[in-house]
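Please treat every number below as a calculation from the coordinates, not as lab data. Everything numeric here is computed off the predicted structure, so don't read it as measured data. Quick reminder, even Gly has a Cβ in these numbers, built from the backbone with ideal geometry, and neighbours come from all protein chains shown.
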Amino acid sequence: MGATVAFIRSTLHIKPMMTHPKEMMMKKPVLTIEEPEPKKATRADRPPTEGFVTIVDGHFKSEFDTAEAAEAAGRKLKSAYPMLQIEIYDAATKVRTLLS
């Protein structure tokens, strides 16, 4: 069978499968993607130092720039889930206000 394969290769001009090792190596593409700035890591066990935060059942949740935005989000949650205890935390004065 080996002679038959050699004869077919010689008559059809088929190259062997193996090529030079350098030709088989693939070049890795160079990535030039701009990386976004790393996000500021917020910790759930520490109160924020600025802005306003909704507190749901004693846990800090969403941060807002204004008290009105935090209160609107809190009222929306309270209307959908009336059993939740929702507070608004003011980071500047370190005061919690219960939404009723």
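Candidates are the residues of the range 51-100 that are of a type in the set (Gly, Ala, Ser) and assigned to a loop (DSSP other than H, G, I, E, B); the one that is surrounded by the most Cβ atoms within 10 Å (Cβ to Cβ) is Gly51. For first residues located in the range 79-100 and under 13 Å from Phe60 (Cα atoms), partners that are of a type in the set (A, V, I, L, M) and in a loop (DSSP other than H, G, I, E, B) and lie 6+ apart or on another chain with Cβ distances below 7 Å form the pairs Ile86/Leu99; Glu87/Leu99; Ile88/Leu99.
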